[in-house]
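A quick write-up on the structure given underneath.
The values are calculated or read from the model by the stated rules, or taken from the named source; none is laboratory data. Keep in mind that what you see is a predicted model, and the values were worked out from it rather than measured. Heads up, the Cβs are rebuilt from the backbone with ideal geometry, glycines too, and the neighbour counts pull from every protein chain shown. SASA here: full protein model, heavy atoms, side chains in, ligands and nucleic acids out. Shrake-Rupley method; radii C 1.70, N 1.55, O 1.52, S 1.80 Å.
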Amino acid sequence: PLGGYLWPFIFIMPGALLFWTSLSTESSSAEGLSILGGILFMLGAVFLAQSITGLWASWAYAWALIAPTSIGISQMAFGSQKGRDSIYLSGKRLIELGLWMFLAGFVFFELVIGVSGFGLSRFGLPVIPMVLIFAGLFILMRTLSSRR
């Protein structure tokens, strides 16, 4: 049974190796290597988490951890290591975007729709009205805080 959980390491190990190599080289392609390494590593980490939990339906929103989030993590680490602030700040923005996308997807697919069977509707709660109310409150709070 352990072998069923080890297969994601075919992504994790090369990703970690590429990422480490990109930080230790002065090549012009180092940033691209760090991004590729970060994507492979995060892909393997998501596969590992899904293998352990069996929640394969989480792909509906977990892709946001791979596409913008892992790229942002790679850029932040690369920019920090190489002293390039513009790359670091770009990575920070991508991480924020990716985590917001992941959170929105999680709320919609898990709590509203219940793709993995954890939806709020199984408790008899009016999910769609609750989501609309919380979205309205969120927009209201952002509007009020931006005026200050």
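Numbers below:
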item: Angle in degrees between helix 85-106 and the longest Cα principal axis of the chain, rounded to the nearest 10; result: 30 degrees
item: Fraction of accessible area attributable to carbon and sulfur, the chain (%, probe 1.4 Å); result: 73 percent
item: Sum of -39500 (n - 2.57) over DSSP H runs of 4+, divided by residues of the chain (222 nm, nearest 500); result: -23000 deg cm²/dmol
item: Solvent-accessible area per residue, Å², over the chain with all protein chains present [probe radius 1.4 Å]; result: 62 Å²
item: Coil-residue GluC sites (Glu not before Pro) of region 22-108, DSSP, other Cβ within 10 Å capped at 13; result: Glu26
item: Whether region 1-58 is rounded, prolate or oblate, judged on the alpha carbon gyration tensor where a/c under 1.5 counts as rounded; result: prolate
item: Relative contact order (percent, whole number), the chain, Cα cutoff 8 Å, 6+ residue spacing; result: 17 percent
